[in-house]
1. Which residues, taken from the stretch 85-94, are surrounded by fewer than 15 Cβ atoms within 10 Å (Cβ to Cβ) and touching a residue at least 24 places away in the same chain (Cβ under 8 Å)?
2. Is there any pair linking a residue in the stretch 96-125 that is at positive phi to one that is at pLDDT below 95 and assigned to a helix (DSSP H, G or I), with Cβ under 6 Å and at least six apart or on different chains, and which?
3. Of all residues being farther than 17 Å from residue 65 by Cα and outside any helix (DSSP H, G or I) in the stretch 91-111, which is farthest from the chain's Cα centre (by Cα)? Just the residue, please.
4. Report, by residue number, each residue of the stretch 95-111 that is within 21 Å of residue 50 (Cα to Cα) and crowded, with 19+ Cβ neighbours inside 10 Å.
5. Can you list the strands (runs of 3 or more DSSP E) found entirely within the stretch 1-70 that contain at least 3 residues being modelled with pLDDT under 85 and more than 18 Å from residue 82 (Cα to Cα)?
């Protein structure tokens with residue numbers, strides 16, 4: 001499994017989980033699967049890898065995600081806080097209505113900025 005080769009697709013058991021690309025100095029993680037416990041663990045590893053690489057601007061696109069668990073939300077919130085401590089940030093975009101409700105219910109939407117589109121999230125940097 002590849003985690004830290006930025007700009008490449010992340011693979012697990014031959015199924016694409018997510019891809020990472022860059023636009024105007026911002027790393028964009030596009031999640032391509034629901035974030036259950038196993039996938040949330042992989043997401044955390046990818047996010048930790050970005051921190052280790054000193055990446056300070058991240059957008060996470062959840063347009064293809066229909067379910068997210070609290071572990072994944074916690075990973076996103078934790079990395080957002082760490083990035084902010086170093087002058088960066090993590091922004092989330094393209095959430096389905098049920099994911100927006102989950103973020104609101106958990107209280108994560110008060111910590112992480114959520115945007116309707118990837119374009120608006122990128123523009124916020």
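The values are calculated or read from the model by the stated rules, or taken from the named source; none is laboratory data. This is a predicted model, so every value here is computed, not measured. With ideal geometry, Cβ positions are generated from the backbone for all residues, glycine too; neighbour counts draw on all protein chains shown.
1. Residues satisfying the conditions are 86, 87.
2. Note: no pairs meet the criteria.
3. 107
4. The one that is within 21 Å of residue 50 (Cα to Cα) and crowded, with 19+ Cβ neighbours inside 10 Å: 108.
5. Because the criterion is at least 3 residues that are modelled with pLDDT under 85 and more than 18 Å from residue 82 (Cα to Cα), the strands (runs of 3 or more DSSP E) in the stretch 1-70 that meet it are 9-12, 15-23.
Yes/no matrix, rows are residues, columns are (1) in contact (Cβ under 8 Å) with a residue 60 or more places away in the chain; (2) under 18 Å from residue 124 (Cα atoms); (3) touching a strand residue (DSSP E or B) at 6+ places or on another chain (Cβ under 6 Å); (4) exposed (fewer than 14 other Cβ atoms within 10 Å of the Cβ):
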residue	(1), (2), (3), (4)
31	no, no, yes, no
35	no, no, yes, no
51	no, no, no, no
72	no, no, yes, no
79	no, yes, yes, no
83	no, yes, yes, no
